Amino acid sequence: MSSLERVAEGVYRLGTDWVGWYLCRSDGQVTVVDCGFPGYFDQLPPALSELGLSLDAVAAVVLTHYHGDHVGCAERIRTETGAPVFAPAGDANGVTGAAKVPTPGGMLGSLWRPRMMRFIAHATAKGGAKQIPVAEVHGYDDGEQLEVPGALRAVHTPGHTGGHCSLLAPDQRVLFAADALTAATFLTGESGVRVHPFNEDAERARASLQKLEALPADVVVFGHGAPFAGSPAQAVAQARSRG
């Protein structure tokens, strides 16, 4: 099963209840946005087939930050398709393995929680126990419009990681918020938009929300949780209402 879910015209969600990754289609080519865990690769060929495409249609992979549940199968996609992999300049060394990826604040102290135990078990089953470095990465900067299907524009939203970027697909009017926001909490499974509970700098993560509010989008998607039908300003307001 591909678990393909249409989010908006030309944008599709893959993944599981735990982690989402995305396809952004334009003119018969696809940009993969984030890559889940390594084992999620098996979802890609059947998903592309549902869209009448093959692996040859993958023109680029764009990562939002360096965590293993987003880098996932990026290296396999790169080697099997030849598609370039883009990552935020501030997190690129973590993607390639040239720098150690720190554990977000609060995560280690929460591993005893039953839901976190289930998440770790899922991650391990999907090859996430050890992050697979990407051999070649192209760094991108805040405000840069990438020359990839969907013409994604980078919005630097640090806090979850130092280099974390959200991505705007202007034609599709979709915001890939990645882990700047989340629509499901790791701690209880409760749904609803909120700030991610685990961040390298929680105060900076909250300050970054103001960079999302004015962006022109009708749907916001996340690394974790269901898509949000509404504007980034509405998503941010919901997150702030939860403290």
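Select from the range 152-187 the residues that are farther than 23 Å from Asn199 by Cβ and out of contact with any strand residue (DSSP E or B) (no Cβ under 6 Å at 6 or more places or on another chain) and list them in ascending order. Pro170, Asp171, Arg173, listed by residue number.
One residue stands out among those in the range 65-91 that are closer than 17 Å to Gln145 by Cα, out of contact with any helix residue (DSSP H, G or I) (no Cβ under 8 Å at 6 or more places or on another chain) and not aromatic (Phe, Trp, Tyr): the one that is surrounded by the fewest Cβ atoms within 10 Å (Cβ to Cβ), which is Ala89. Kindly list, by first and then second residue, each pair from a residue in the range 124-148 that is within 11 Å of Thr96 (Cβ to Cβ) to a residue that is surrounded by fewer than 19 Cβ atoms within 10 Å (Cβ to Cβ) and among the small types (Gly, Ala, Ser), limited to pairs with Cβ atoms under 6 Å and residues at least 6 apart or on different chains. Taking only residues 6 or more apart or on different chains, the pairs are Pro133/Gly97; Gly139/Ala89.
Scanning the range 156-202 for residues that are assigned to a strand (DSSP E or B), in contact with an Asp or Glu (Cβ under 8 Å, 6 or more places away or on another chain) and buried (at least 24 other Cβ atoms within 10 Å of the Cβ) turns up Cys165, Val174, Phe176, Ala178. With respect to the conditions (1) surrounded by fewer than 24 Cβ atoms within 10 Å (Cβ to Cβ); (2) in contact with a strand residue (DSSP E or B) (Cβ under 6 Å, 6 or more places away or on another chain), Val62 falls short on a single one, namely (1). Those strands (runs of 3 or more DSSP E) of the range 7-59 in which 2 or more residues are free of Cβ contacts under 8 Å to residues at least 12 places away in the same chain and crowded, with 19+ Cβ neighbours inside 10 Å are absent.
Out of curiosity, is Ala233 surrounded by fewer than 23 Cβ atoms within 10 Å (Cβ to Cβ), of a type outside the set (Asp, Glu) and farther than 19 Å from His67 by Cβ?
Values: surrounded by fewer than 23 Cβ atoms within 10 Å (Cβ to Cβ): yes; of a type outside the set (Asp, Glu): yes; farther than 19 Å from His67 by Cβ: yes.
Yes: the conditions hold for Ala233.
Answer yes or no: is there a residue in the range 76-97 that is out of contact with any Cys (no Cβ under 7 Å at 6 or more places or on another chain), of a type in the set (Phe, Trp, Tyr) and within 21 Å of Leu168 (Cβ to Cβ).
yes
Cβ-Cβ distances below 8 Å connect the following pairs, each with a first residue in the range 187-206 that is in contact (Cβ under 8 Å) with a residue 40 or more places away in the chain, a second residue that is part of a strand (DSSP E or B) and surrounded by fewer than 16 Cβ atoms within 10 Å (Cβ to Cβ), and a separation of six or more residues or different chains: Phe198/Gly105; Asn199/Gly105; Glu200/Gly105; Asp201/Gly105; Ala202/Gly105. Taken over the range 128-154, the criterion of being surrounded by fewer than 18 Cβ atoms within 10 Å (Cβ to Cβ), within 22 Å of Arg78 (Cβ to Cβ) and not acidic (Asp, Glu) is satisfied by Ala129, Lys130, Pro133, Ala135, His138, Gly139, Gln145, Ala151.
Bear in mind that the values in this text are calculations on the coordinates, not laboratory data. Remember, it's a predicted structure, so these values are computed and weren't measured experimentally. Cβ: placed from backbone, ideal geometry, glycine included. Neighbour counts: every protein chain shown.
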